[in-house]
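The block underneath contains the structure these notes are about, expressed in structure tokens.
No lab work stands behind these numbers, since they all come straight from the coordinates. Everything numeric here is computed off the predicted structure, so don't read it as measured data. Cβ: placed from backbone, ideal geometry, glycine included. Neighbour counts: every protein chain shown.
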Amino acid sequence: MELTRSLVETRAREYREREPLYTVEQESLETLPGAFESGEYGRRDAAWVVRWYYRRFLGDYPDAERRKAEEEFRDNDFEAVRSAISDAVDAVDADDVATGIDRLTDLEAVDVPVASAFCMFIDPDASVVVGPREWAALRTANELEQPYPAPPSISEYETYLERCRSLSDRFDCDLWTLYRALWRLSA
């Protein structure tokens, strides 16, 4: 499969029309970046990102693992969560996503993929979530060589992010559009 601008646009539109979480995702992409930047968010807002990461698989992710991650995240001290998110906001603003991811992974139940989800909701223009589906779509399109590393390291995420940014530039679309296309292409 070759990725083209037309294919990305078509699949991103499909995502908007067919994926049941699209509306809530779009709302969160409009509200969470400002909330995380200003610090005006609650525990439920932060926990929503973790829930979203797993629940976007719509049952394809093992339920016991999803519940365990959600419960472990709730066990984090909220001030530790706020501190990690604040540090990640500063890092992403400085175009140092790796430092933001590193700081977020200090939290219970936050590995690199979940941290990438936080970074996407911190700044969807700078970061995009990584997971096995998005990675597989890029690999099928010969944009990544290695199979999905479960979970990826920070440096592997950086490679993925740079590839996504490059494709976003090539197709003149934002990272959120590219994400939606990759998600649909991997279905």
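Quick look at the numbers
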item	result
Unit charges on C-beta of K, R, D, E only; dipole of the chain, Debye	900
Rg [Å, one decimal], Dmax [Å, integer] - the range 42-138, C-alpha atoms	12.8, 37
Highest-fluctuation residue, Pro147, Pro113, Pro33 considered, GNM on the chain with Cα pairs under 10 Å	Pro147
Percent of alpha-carbon pairs separated by more than 24 Å within the range 82-187	17
Over 24 Å [Cα-Cα, the chain], rounded percent	34
Debye, to nearest 20: dipole size of the range 1-68, +1 on Lys, Arg Cβ, -1 on Asp, Glu Cβ	300
